[in-house]
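The values are calculated or read from the model by the stated rules, or taken from the named source; none is laboratory data. Predicted model only: the values in this text are computed from it and were never measured. Virtual Cβ from ideal backbone geometry, glycine too; neighbours counted across all protein chains shown. Heads up: the accessible areas ignore ligands, DNA and RNA and are worked out on the full protein's heavy atoms, side chains in. Shrake-Rupley method; radii C 1.70, N 1.55, O 1.52, S 1.80 Å.
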There are 4 protein chains.
Amino acid sequence: MTIRVGLIGAGVMGGDHARILSTSVNGARLAAVSDADASRAAAIAGACGATAFPDADKLIADASVEAVIVASPDPTHKALVLGCLAAEKPVLCEKPLGVTTAECLEIIGAETALGRRLVQVGFMRRFDPGYAAMKGALDSGDLGRGLILHCVHRNQISASYSTSEGVIANSAVHEIDIARWMFGEEVARVTVIVPRQSSHAGMQDPQIILMHMAGGAVVDIEAYLNCQYGYDVRGELVCESGTAELVPPHGITLRRAGQEGFGHPEDWRPRFAEAYRIELQAWIDSVAGGSPAGASAWDGYAATAVAEAGVASLKTGTPADVRLAAKPALYD
Amino acid sequence: MTIRVGLIGAGVMGGDHARILSTSVNGARLAAVSDADASRAAAIAGACGATAFPDADKLIADASVEAVIVASPDPTHKALVLGCLAAEKPVLCEKPLGVTTAECLEIIGAETALGRRLVQVGFMRRFDPGYAAMKGALDSGDLGRGLILHCVHRNQISASYSTSEGVIANSAVHEIDIARWMFGEEVARVTVIVPRQSSHAGMQDPQIILMHMAGGAVVDIEAYLNCQYGYDVRGELVCESGTAELVPPHGITLRRAGQEGFGHPEDWRPRFAEAYRIELQAWIDSVAGGSPAGASAWDGYAATAVAEAGVASLKTGTPADVRLAAKPALYD
Amino acid sequence: MTIRVGLIGAGVMGGDHARILSTSVNGARLAAVSDADASRAAAIAGACGATAFPDADKLIADASVEAVIVASPDPTHKALVLGCLAAEKPVLCEKPLGVTTAECLEIIGAETALGRRLVQVGFMRRFDPGYAAMKGALDSGDLGRGLILHCVHRNQISASYSTSEGVIANSAVHEIDIARWMFGEEVARVTVIVPRQSSHAGMQDPQIILMHMAGGAVVDIEAYLNCQYGYDVRGELVCESGTAELVPPHGITLRRAGQEGFGHPEDWRPRFAEAYRIELQAWIDSVAGGSPAGASAWDGYAATAVAEAGVASLKTGTPADVRLAAKPALYD
Amino acid sequence: MTIRVGLIGAGVMGGDHARILSTSVNGARLAAVSDADASRAAAIAGACGATAFPDADKLIADASVEAVIVASPDPTHKALVLGCLAAEKPVLCEKPLGVTTAECLEIIGAETALGRRLVQVGFMRRFDPGYAAMKGALDSGDLGRGLILHCVHRNQISASYSTSEGVIANSAVHEIDIARWMFGEEVARVTVIVPRQSSHAGMQDPQIILMHMAGGAVVDIEAYLNCQYGYDVRGELVCESGTAELVPPHGITLRRAGQEGFGHPEDWRPRFAEAYRIELQAWIDSVAGGSPAGASAWDGYAATAVAEAGVASLKTGTPADVRLAAKPALYD
């Protein structure tokens, strides 16, 4: 019952997936790796006892591969996911599912035609114990209905290729997914507010992204890619009878040199290490057991649609409505 | 060198001021009290060794009174403050200075004509050790320029007379003052966002009030008068190189019955007990020493002007610009 | 490369091990289960696709079993571990290794005669991320030498069979192991102090167990089995240049009904869920790779020896020296 | 009704008292100052509008002085307090009341002969809001009886004149008083435990001081004068149904340079600023109103007696019983 996984993309994210799958996930093993850079693929394949493939399509097609992780550059996602659907193999695709809504709809069309769900999108935060506890508190009913979700998403320093649009489409997209998942409803409207720019940023940073949910709740997201002090994700769900707030995980408090507190990591991986492990385990379990977990292709499409509306609002300075295609019954 | 203080208004707030002044402030004593309800005035006067006056105007005029606290109902503030100015006596006026900008401008006109500052408005949060530490961190330069100020203002249950407009004009007005004081600049534009209403609220509650400061910083305020769990004020100042966040004061953590944590008070007075004491001491010191402290009549006017813009935005659903009169040199 | 594990003991602890091994550990599967109560063994075996064995010895001997977990009642541990050693199969034995030092020494004798380490004792806290971070801080040298370790070990309610001696031998024994591991040295002397007894306890509870380490550091342990409010483990390592303190993991802070805080679980399993998973993974990795992890048979012996000294001190009211046998080179 | 206060001792502590009394206390003013160093006395007297006295005895005797603060070097306390008693003037004496129990008993004899309480000892922690909340929680009965009090008392760096005995007699003496006050009973036995010494310390530092209270509760104190990271006082009261723990006051959390947390001060004064203000106010109120507040001469004697037992235990390495004189009815 060990699922044989093929990995496409042997960069930072792919390497992490390979390591987690090979050391901390039950019921799976890494069978195949491919990357545009053959030496990177070979390195990971060697470390994990997998076979390196020169070509992603051959990896998808190979009989030794039962399920695929797509962790290659964003523009390649659509074609690879379509390839997996054509081969009828389950696929965990790193976000974004597609770089445009058109790409995402193409995938939805193919999966709908197939008639069963094979695609999971890598919105790992749904598996973070903190977010899960927050959703558990909401779903328990003890706090009443959710009214507001405050989000903070901070990176220490933005990547050299970051753009003002990317603050929304690449970073805040995680909160977009969390908001839809938390409230169980779509985003109706997006408004982007631009405070004065940090002198550490070469683009519009920070931004405040406001979202009106279809049911009337409001989500505000501070997205700040150059906060300097570390990677930090926070959130507070404000309900009718109380609130639930994320606590950044930190095993110890240090008292040293005049200060008492704890450290923030330089990037997102330590913060969401547990989320990635649990996400991969849930994906493998779903592959083994047949019932889908995590974000669907529809979720991937909707997140991209909301991000597109956000980018439009950033450009016009006015609110932008989110207009979604009709939702196929497959995703109900 | 003991300042003899007259108190107008012997309700909850006036009673607190009387108690603090008589037990915890250096260099002052309560000399006179008046209230529309003579028995309330007599009770406080008796407890503090002061004289009860049947009439506020007579109290202001009396030679035994050197400085006046106005804690009577909001619509009476303007006339009483003008009376103090006419008598050339320093006055600490509870917020709001006037219920309209027109009233506030009348006071500013009188004080400007007098040529010296005698009016302090009771925005006590400026004296809260937490806010003071936050401003100290900003002014130190260690965090770089301020970019965003996140505010949360929650009351357990709203008063029976609360209104949707009052969420802004009576509650969020504290954050309006804090924002102007923190950044040292005026509010340029206000946008009120309305999430779905709590089923515990008979009005639009909660609200999110967004403010663009003149220099480009953005302030967001969650104002929520029926949060159910207690009185809670929070804030985080997001700067170019770090952030500073308020910590609700609580002397102990309790571990009991499955829970670890601390309690929130039912109203604002325990939360800001220190702020009120320090505010009164600073006011008495300024009366004794001549140099003004705290919020000026201009600050009171500007806060009311921003609140008026907020109410306009709430009604129209669109952003409202804040247009202020020219600022007299007296307030520079 | 999947290790086939046999489980002896299908109670609460054994059931947890079976579940974790079958759902969250890489490279292993549960192959066999036995229990004095055959129906309990059958239930777990059925759920995990394992074979139920009527007899523990047969399970150890069976070729389908490559490694053994001993989670049966304490008095059975010694014979079962000796059986595993005789069969030359790696064994993870729940604490205690033996109920007396004599039993532990018998195991050490057998393992030493074999000439290689096959025994790991289930002191799972060594794998807790908080304790690991604390030890990491100490080993980094940033805090200087460790001088004091304060420990708090609280259970909500003691089991019906708990005794005053068991407070030390069954509960504080975890801190005894942590202290030896943290400082990398043996305990030299134990002194048990008895405060007045809680009216909720039918035995001497709480207790304070003081330990002088061989190198001069001091460890104090508050062991309190009837604290009423929940399961709570805390610790602070006090060093020459700072301190490190455990933070109980909790994904969210709740604000509700006047309180802000988080909950404590009713028993130890949620608190140490991560520790158990990591412990099992490390054990499986060591079985697969050959190099031992976690607490050795020597560690199990030493913990029992310290607990015995603690029980002696409890009875006499005076300090008790810890006298250990010579340490075989196998454990260096 | 303004109490005219004379201050003896114009050092760090005396200067603080003068400043607090002159700026933040109701109903008092500094009337007179004396110090062995006349220029120090003159500086404070000038700043506060008081008269400098060349001689402490003349200050006590002067008709302009109604109540006296003794903040001069420890060995002078006894004679000055006796002088105040002879003059029948209330006196707030900084701890210790006397440097030996014999000195303290001499004062108790004089006050008892006088037949009314005029002496308050400056154990200011009783007025700290945190400790007061802890005692409030205990006295409410919600937590059941107190069983253990854990205390931590850390200074950044010890003074050049500090000694191993002084760790107990000058530092831990604060916890000795807090323990007696918290439990409302005497200390029966003291045991001092010595961990290995910090390489930053030129004496036995840290120490653990264990106290058995007369009623059976146990108090443990970590006293550590060279912890390097700052001044830090902590405490947790462990009761039958829950615990209460001090939270160091800090108005804001800072996130900066990879860290999230707050700072500790370099010495005790910021930590206990509120305690000193409230203590002085309570003393002035008691002088004005006649009923004593805070620690009595008996409390000062008992604390010194316990510290002497602690020093004896430090020297012998064995527990030391505390033997108190009969308690005069004046202190019931």
- Query: Restricting attention to the range D:190-204, which residues are among the aliphatic types (A, V, I, L, M), surrounded by fewer than 22 Cβ atoms within 10 Å (Cβ to Cβ) and either at the interface with chain C (Cβ under 10 Å from one of its Cβ atoms) or under 18 Å from D:Ala309 (Cβ atoms) (or both)?
  - Reply: D:Ile193, D:Val194, D:Ala201
- Item | Residue within the range C:179-189 that is of a type in the set (A, V, I, L, M) and surrounded by fewer than 17 Cβ atoms within 10 Å (Cβ to Cβ) present | no
- Item | Hits in the range A:233-287 - residues which are touching a residue at least 12 places away in the same chain (Cβ under 8 Å) and among the hydroxyl-bearing types (Ser, Thr, Tyr) | A:Ser241, A:Thr243, A:Tyr276, A:Ser286
- Query: Condition test on D:Tyr224, is it at pLDDT below 95 and in the same structural domain as D:Lys315 (by TED's automatic domain parsing)?
  - Reply: no
- Task: Looking only at the range C:163-179, decide whether some residue is in contact with a Pro (Cβ under 6 Å, 6 or more places away or on another chain) and in the same structural domain as C:Leu246 (by TED's automatic domain parsing).
- Result: no
- Task: Take the range D:1-19 and flag every residue that is touching a residue at least 60 places away in the same chain (Cβ under 8 Å), crowded, with 19+ Cβ neighbours inside 10 Å and within 14 Å of chain B (Cβ to nearest Cβ).
- Result: D:Ile3, D:Val5, D:His17
- Message: Checking A:Ala31 against (1) closer than 19 Å to A:Ala303 by Cα; (2) of a type in the set (A, V, I, L, M, F, W, C); (3) open to solvent by less than 50 Å² (accessible area, probe 1.4 Å), only one condition comes out false. Which one?
- Response: (1)
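Per-residue answers, yes or no, for (1) among the aliphatic types (A, V, I, L, M); (2) more than 13 Å from A:Asn26 (Cα to Cα):
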site	(1), (2)
C:Ile8	yes, yes
C:Met13	yes, yes
C:His17	no, yes
C:Leu21	yes, no
C:Val25	yes, no
C:Leu30	yes, no
C:Asp35	no, yes
C:Ala41	yes, yes
- Task: Could you list all residues from the range D:254-283 that are surrounded by fewer than 22 Cβ atoms within 10 Å (Cβ to Cβ), away from chain A (no Cβ under 14 Å), out of contact with any helix residue (DSSP H, G or I) (no Cβ under 8 Å at 6 or more places or on another chain) and not aliphatic (A, V, I, L, M)?
- Result: D:Trp268
- Applying the selection to the range C:269-280, what residues are farther than 11 Å from C:Gly294 by Cα and either part of a helix (DSSP H, G or I) or touching a Pro at 6+ places or on another chain (Cβ under 6 Å) (or both)? C:Arg269, C:Pro270, C:Arg271, C:Ala273, C:Glu274, C:Ala275, C:Tyr276, C:Arg277
- Task: Could you identify the single residue in B:Ile168, B:Ile208, B:Ile157 that is touching a helix residue (DSSP H, G or I) at 6+ places or on another chain (Cβ under 6 Å) and either at pLDDT 95 or above or aliphatic (A, V, I, L, M) (or both)?
- Result: B:Ile168
- Query: Only one of these conditions is not met by D:Ala47: (1) free of Cβ contacts under 8 Å to residues at least 40 places away in the same chain; (2) surrounded by 19 or more Cβ atoms within 10 Å (Cβ to Cβ). Which number is it?
  - Reply: (2)
- Among A:Ser291, A:Ser313, the single one that is within 21 Å of A:Gly98 (Cα to Cα) and hydroxyl-bearing (Ser, Thr, Tyr) is A:Ser313
- Message: With the structure loaded, tell me whether D:Gly289 is surrounded by fewer than 21 Cβ atoms within 10 Å (Cβ to Cβ), more than 23 Å from A:Ile252 (Cα to Cα) and more than 14 Å from chain A (Cβ to nearest Cβ) or whether it fails that test.
- Response: yes
